[in-house]
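The values are calculated or read from the model by the stated rules, or taken from the named source; none is laboratory data. Please read these numbers as outputs of a predicted model, since none were measured by experiment. Note: ideal-geometry Cβ built from the backbone for every residue, glycine included; neighbour counts use all protein chains shown. Heavy atoms of the whole protein, side chains included, go into the accessibility calculation; ligands, DNA and RNA do not. Shrake-Rupley method; radii C 1.70, N 1.55, O 1.52, S 1.80 Å.
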Amino acid sequence: MTTIDTFSEGRKLRRATSGTPRTLTEGTLTEDKPQDWQQASQNPPKGAADGAQAKGGKPAGLHTISRGAWLPYLVPVGLVLVWQILSSTGLISDRIMPSPVAVLAAFWERLLSGELGRDVAVSGARALSGLLIGGSIGFLLGIANGVSKLSEQLTDTTLQMLRTIPHLAMIPLVILWFGIGEEAKLFLTSLGVLFPIYLNTYHGVKNVDRDLVEMGRIYGMSNWSLFRKVIFPGALPSIFVGLRYALGIMWLTLIVSEAIAANSGIGYMANTAREFMMTDVVVLALVIYAVLGKLADVVARALERWALSWNAAYQA
Amino acid sequence: MPVSSYLLPSAMVWDAFELQERAYFPDGTEVRPIAEPPVLPKAPAGLRLRGVEKAFGDNRVLRGIDLDVPAGQFVAIVGKSGCGKSTLLRLLVGLDEPTGGEIDFIDDGGDRVAPDARIVFQEPRLLPWFSVADNVAVGLGDGVPKAFARREAELVLDEVQLSEKAREWPAKLSGGQRQRVALARALVSRPGLLALDEPLGALDALTRISMQQLLTRVWRELGFTAVLVTHDVTEAVHLADRVIVLDEGEVKLDLAVPRPHPRHHGDPELALLEGQLLAAILGES
Ligand SMILES: Nc1ncnc2c1ncn2[C@@H]1O[C@H](COP(=O)(O)OP(=O)(O)O)[C@@H](O)[C@H]1O
Ligand SMILES: [Mg+2]
């Protein structure tokens, strides 16, 4: 209810202030709720059209559309341009920082040779299997501890204690246990994603509306049905928060563990390039990590929007 | 029966209320006039309570309640806040066990039958991630074939005049509409008895009047036994055949309301009964 009201408030606000500079409107919305901002930025043409109508259909509306579309990219594009100019004029040495064009060339070359595809696939598979293993364990523990008092008493305190150990601090121990092979990377990534997923799943289950659970019982739902129809969907918003947080940790852990030792993957690509002072490939590796991280987040967001479409906060 | 969804100017809505023939929810949905032929009939279940007690530790909330509710009757329970109304309802529908006495469900002839009750709370308690129709289908229980569930949900949604909202998310509905979905969910399995715990308490005055008419109509069409807890004596005398005043965990007054339906808001006899009830609740003799 509250969220819906916020929505319509947001719309009203947008319409009411559409005569004034657009940035003000956006600023107001952004402060309130991120999804309002999304809403605003997703259909700028509508707001802009309103603005145009308010001003008696002047072409100012058109101008506003294009500005809203390109303005956010002005700074990054500008930075890349400046970087390119500094590199081309020799103000920045190639050994410190390759030019954007050089990075692009490295990308193209490795893409054609197939090396890049292979390395990305290897790193992606590592990341995903870590997420799958750690995420499943965290999810199952979160559900179990959320619904069962016994399980909670048995394991929650332990997990809360283990959680305080930064998982990357375990690297020396992990190397002693597993060496520097795949197991070490898998273990670290799994461990890293386990806790955010556990905590948020547990928290989500604990916070499912008691009245809804009682309603389910009144209507004779079995435990399984209660889980499927009430508890899991109720915990889902929180689980998604955990998932998106875990994705960040997943990439971070992978980058660190690939930097320590690897004979394939993006980290390997970067390490070998460093030995040969190929700064363009090193920077390319950074860019690819960034793109993969963004991609994972976009996919998670899309999944979230789809799964939580019943929730006014996620409605398009 | 098709549900019309006229949008009338507000003056006409008021006229409609005045006439008492038909009324409209503030959202524009028409409240059907009370229909004569019952649809979806089902044998109602009466109640027989003997010395029913309920204590929470030292707190004796119900202290020996004796009550006979004939099958099909509409009973309202009123009383001060904290006098045990909700506790009694929870016992009736089996959500809690009494600490003493017996609760039996009976048929027309007074023979014991299996408990067969549903409850509607003040909050609709809908699953926000299920469509309206799927929420109603929850009332049928687990393992019901999909097609059957859908058909039953549609039937009962038509009964509460929400057919056109079957595919909506609950978040898109108004408070009154949500409560009608909760009512549909409670009724979809055709219970012999429906308990209502201040079901209209959270609604605005206009919606409440429309909902009262809807409740009366649904009760007359489906023929279940209704036990309504309310803090509103006007509501009690307008809806019920009989009003019971609970006080300190005992039945203080058991008052028949011998007026035919539909009842009118200006009815002086009802006003008289209201006065009697208020006096009993407030402890004047
Ligand atoms: N689950 C419970 N545990 C302990 N005390 C309860 C419980 N439920 C109700 N009570 C007590 O029973 C009394 C009656 O409550 P209730 O039936 O909810 O009153 P009302 O008539 O307002 O619906 C109150 O004093 C309340 O504190
Ligand atoms: Mg109560």
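Across region B:194-209, rounded Karplus estimates of 3J(HN,Hα) from the backbone phi angles (6.51 cos²θ - 1.76 cosθ + 1.60, θ = phi - 60°) give 10, 9, 10, 9, 6, x, 10, x, 9, 9, 6, 4, 5, 4, 4, 5 Hz, Gly and Pro being marked x. Of the chymotrypsin sites (Phe, Trp or Tyr not before Pro) found in region A:193-283, those that fall in a DSSP loop while having at most 10 other beta-carbon atoms within 10 Å are A:Phe276. At q = 0.09 Å⁻¹ the log10 of I(q)/I(0) for region A:99-314 amounts to -0.45, computed by Debye summation with a single uniform scatterer per C-alpha, solvent ignored. Leaving ligands and nucleic acids aside, the A/B contact buries around 1900 square angstrom of accessible area in total at a 1.4 Å probe radius. The label point for A:Ile85 and the one for B:Val251, both projected 7 Å from the Cα toward the Cβ, are 9.3 nm apart. Given a cut-off of 29 Å, name the pairs among A:Lys229/B:Lys172; A:Lys149/B:Lys54; B:Lys146/B:Lys172; A:Lys149/B:Lys172; A:Lys149/A:Lys229; A:Lys229/B:Lys165 whose C-alpha atoms lie farther apart than that in the structure shown. Checking Cα-Cα distances, A:Lys149/B:Lys172 exceed 29 Å. The simple Förster model, with R0 at 56 Å and r as the Cβ-Cβ distance, assigns A:Asp211 and A:Ala69 a FRET efficiency of 0.75.
Our summary gives region A:85-223 a relative contact order of 31 percent, counting only alpha carbon pairs under 8 angstrom and 6 or more residues apart. For region A:99-314, the Cβ-based charge dipole about the Cα centre amounts to some 540 debye (Lys, Arg positive; Asp, Glu negative; other atoms uncharged). Placing unit charges on each Cβ (+1 for Lys and Arg, -1 for Asp and Glu) gives region B:3-282 a dipole about its Cα centre, and among B:Gly110, B:Gly51, B:Trp169 the Cα reaching farthest toward its positive end belongs to B:Trp169. The spacing between region B:122-154 and region B:43-109, judged by their C-alpha centroids, is 28 Å.
Would you grab the residues whose amide H sits under 5 Å from the one on B:Asp96? Only those 5+ places off in sequence or on another chain, please, with H modelled 1.01 Å from N. Under 5 Å from the amide H of B:Asp96 lie the amide H atoms of B:Leu91, each far enough along the sequence or on another chain. Computed over region A:111-172, the Cα gyration tensor eigenvalues convert (square root of 5λ each) into semi-axes of 36, 15, 5 Å, ordered from largest to smallest. Binning the alpha carbon pair distances of region A:174-240 at 5 angstrom intervals from zero yields the distribution 4, 17, 18, 13, 11, 9, 9, 8, 6, 4, 2, expressed in whole percent. Which parts of region B:96-142, residue by residue, lose 40 Å² or more of accessible area when the rest of the protein chains are there, as against the chain isolated (1.4 Å probe)? Output list: B:Arg118, B:Arg125, B:Leu127, B:Trp129, B:Val138, B:Asp142. Residues whose amide H falls under 5 Å from that of B:Asp247, counting only those 5 or more places apart or on a different chain, are B:Lys252, with hydrogens built in the peptide plane. When a 1.4 Å probe is rolled over the protein heavy atoms, the share of accessible surface on region A:232-287 that falls to carbon and sulfur comes to 71 percent. Of the residues A:Val241, A:Met277, A:Ala262, the one whose Cα sits farthest towards the positive end of the charge dipole of region A:212-302 is A:Val241 (charges of +1 on Lys and Arg Cβ, -1 on Asp and Glu Cβ, taken about the Cα centre). Here the alpha carbons of region B:3-282 define both size measures, Rg and Dmax, at 18.6, 56 Å.
For region B:212-218, the Karplus equation 6.51 cos²θ - 1.76 cosθ + 1.60, evaluated at θ = phi - 60°, returns couplings of 4, 5, 5, 4, 4, 5, 4 Hz by residue, with Gly and Pro reported as x. Whole-Hz Karplus values for region A:95-107 come out as 6, 8, 8, x, 6, x, 5, 5, 5, 4, 5, 4, 4 Hz, taken residue by residue from phi with 6.51 cos²θ - 1.76 cosθ + 1.60 and θ = phi - 60°; glycine and proline positions read x.
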